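Undergrad: Sharing a structure, written as structure tokens. Questions coming.
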Amino acid sequence: MSLKERIKTVITGLLTAGWLMLAALPAQAETTAFTPEACSVAQPSEDTLKVKVSVIDNRISVTDAPAGSRLEIYNIVGIRVRKIEIRHPSEEYVIILPKGYYIVRIEDTVRKIVIR
């Protein structure tokens, strides 16, 4: 039996046993014309640019954040681990989290932080 026949036999066996599934591909792929408008990125507002986030030990300091917004902290996998309501534009929050990398989001502002 040639190598080509062996491969065909193995693939047929896998297909029959349900271990391998093949999807039908369309005969012609759909194409989309490139336009600069389709690829444009929204410019951040001035409010977003001035929000500052800093971390010292287990304290997160937020400066110039909109009052009434939320401070959300996500782990590196993307699971939200804390949600804090911001009452004042500049405030410090004590957080108890394990050491590691986190993502902080305040409205449109996103920052990476490290808890050491």
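Undergrad: Region 45-104: which trypsin sites (Lys or Arg not before Pro) are DSSP loop and have at most 12 other beta-carbon atoms within 10 angstrom?
TA: For trypsin sites (Lys or Arg not before Pro) across region 45-104 that sit outside H, G, I, E and B with at most 12 neighbouring Cβ atoms in 10 Å, the list reads Arg87, Lys99.
Undergrad: FRET efficiency for Ile115 and Arg70, Cβ-Cβ distance as r, R0 = 22 Å, nearest 0.05?
TA: Efficiency, rounded to the nearest 0.05: 0.70.
Undergrad: Also, I was wondering about something else. In terms of modelled amide H atoms, which long-range or inter-chain residues lie less than 5 Å from the amide H of Ile95?
TA: Counting only residues 5 or more places away or on other chains, the set is Arg59, Ile60.
Read-outs throughout are calculated quantities, based only on the coordinates presented, and are distinct from any laboratory measurement. Treat the numbers as computed from the prediction; the structure is a model and nothing was measured. Counting neighbours? That spans all protein chains shown, and the Cβs are built from the backbone with ideal geometry, glycine included.
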